[in-house]
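First comes the structure, then the notes that go with it.
Rule-based calculations on the coordinates, nothing more; no lab input. Worth saying up front: this structure is predicted, and the values here are computed from it rather than measured. Using ideal geometry, Cβ is built from the backbone for each residue, glycine included, and neighbour counts are taken over all protein chains shown.
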Amino acid sequence: MLAKTIHLLVPLVEDLPDEVTGKVDTVVSWVTTIAIAVCVLGVIVAGAMMAIGQRRGEGGEHAARLGWVLAGCIVIGTASALVNTIVG
């Protein structure tokens, strides 16, 4: 999966060593884990702001923010499928 992406980015190299693909896979997995953690925190913060803003009558504004956070979560969750579709 990731090797195809690397070949797209580096078209002059035919076969990359396992050392390179292993390190890239490690970096991608770390970035994915951090991105998922940021998504969870984003949903929690948006929910907390909705709860606080409800008392002041600002719930609708924070609901829109939650929508954007959830849209970001969807993009992050489907990133590998999107790349596979483009590369594949």
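Overview of results
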item: Search result, residues across the range 23-60 that are surrounded by 12 or more Cβ atoms within 10 Å (Cβ to Cβ), over 21 Å from the mean Cα position of the chain (by Cα), assigned to a helix (DSSP H, G or I) and not aliphatic (A, V, I, L, M); result: Gly53, Gln54, Gly59
item: Every pair of residues 6+ apart whose Cβ atoms lie under 6 Å, when the first sits in the range 15-40 and is of a type outside the set (A, V, I, L, M, F, W, C) while the second is in a helix (DSSP H, G or I); result: Thr21/Ala3; Asp25/Leu2
